[in-house]
Amino acid sequence: MTGSLRLRARAGEKLIGALLRMPSEELVEMLAVADFDFVLIDCEHGPADLVALRHHIALAQVHGLPVIVRVGEGDRGQILRVLDQGAEGILAPHLDTADDAAALVDAAMYPPVGSRGFATYSRAGRFGLVPPAEHRDHWLENTLVLGMVESPRGVAEVDAIVATPRLDGIMIGPADLAAASGPDDLPVPEAIATVHAALAGAGSLRMDIVGTKDAAAAAFAGGADLVVYNLASSLMAHLQGLAYAR
């Protein structure tokens, strides 16, 4: 299928990507050559150097590989700069309430949907060559806005979170959710099932993070729309296997 990553996901295409920490320009290129659908670049737990990120986005664009960027928590300025550099999507961590989700949408979307600062002279506007109205309309339609639920509070508030207008979908952060959950909270598998049910009921996109091909297949079979490999985990497992050959 053709079209933006958002429109492809909304049309029902199952999309596979990889979570990548910078600097890894060669891995961006390898993912594109290997025919991945997108790359998720991590600026939450990975370095958030904007110049390096720009290089990664530009290289991915040369190969037609869409980029989603996981930004820092509540960082409106980073959301603006990432999208100005041409990323097709944002993944924001730690959505605990509907207000958090609304703030994400407000930061990621141009008026009248949000209040993102408007500029056409960035990479996303082809350095000013795209007419303002065309630029605005394109990104209003095609910016993929995703958030992460990774706390018991987020699980409890998930119905209100996914009802947020123009929030496309959710990825659960299983490690954070497990770390934040106590004896009085839902067991993690039940919490995950609660979020997945809310997404299905709302018609929202579901993105799962996995470590293996079998887990990816199971995620798609279970209802995921986008699946992203934790590339560090996958590579370390592969490297350990190679080392143990001696």
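Looking at Asp214, Asp185, which is the one that is farther than 19 Å from Glu13 by Cβ, among the acidic types (Asp, Glu) and either in contact with an Asp or Glu (Cβ under 7 Å, 6 or more places away or on another chain) or surrounded by fewer than 13 Cβ atoms within 10 Å (Cβ to Cβ) (or both)?
Numbers: Asp185 fails: either in contact with an Asp or Glu (Cβ under 7 Å, 6 or more places away or on another chain) or surrounded by fewer than 13 Cβ atoms within 10 Å (Cβ to Cβ) (or both).
One residue alone meets the criteria, Asp214.
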Quick one: would you say Ala175 is at pLDDT below 95 and either open to solvent by 20 Å² or more (accessible area, probe 1.4 Å) or not polar (S, T, N, Q) (or both)? yes
Take the residues of the stretch 116-133 that are under 26 Å from Leu205 (Cβ atoms) and of a type in the set (D, E, K, R): which is least open to solvent (accessible area, probe 1.4 Å)? Arg116
Can you tell me which condition Asp99 does not meet? The list is (1) within 26 Å of Gly211 (Cβ to Cβ); (2) acidic (Asp, Glu); (3) surrounded by fewer than 21 Cβ atoms within 10 Å (Cβ to Cβ), and all the others hold. (1)
Just a yes or no: is a residue in the stretch 200-222 free of Cβ contacts under 8 Å to residues at least 24 places away in the same chain and assigned to a strand (DSSP E or B)? yes
Just the residues that are touching a residue at least 40 places away in the same chain (Cβ under 8 Å) and outside any loop (DSSP other than H, G, I, E, B), please, taken from the stretch 71-110. Leu83, Asp84, Gly89, Ile90, Leu91, Ala92, Ala98, Asp100, Ala101, Ala102, Leu104, Val105
Pick from Val113, Val155: which is more than 18 Å from the chain's Cα centre (by Cα), surrounded by 18 or more Cβ atoms within 10 Å (Cβ to Cβ) and touching a residue at least 12 places away in the same chain (Cβ under 8 Å)? Val155
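The values are calculated or read from the model by the stated rules, or taken from the named source; none is laboratory data. Not measured: the values here are computed from a predicted model. Methodologically, a virtual Cβ is constructed for each residue, glycine included, from the backbone with ideal geometry; neighbour enumeration extends over all protein chains shown. SASA here: full protein model, heavy atoms, side chains in, ligands and nucleic acids out. Shrake-Rupley method; radii C 1.70, N 1.55, O 1.52, S 1.80 Å.
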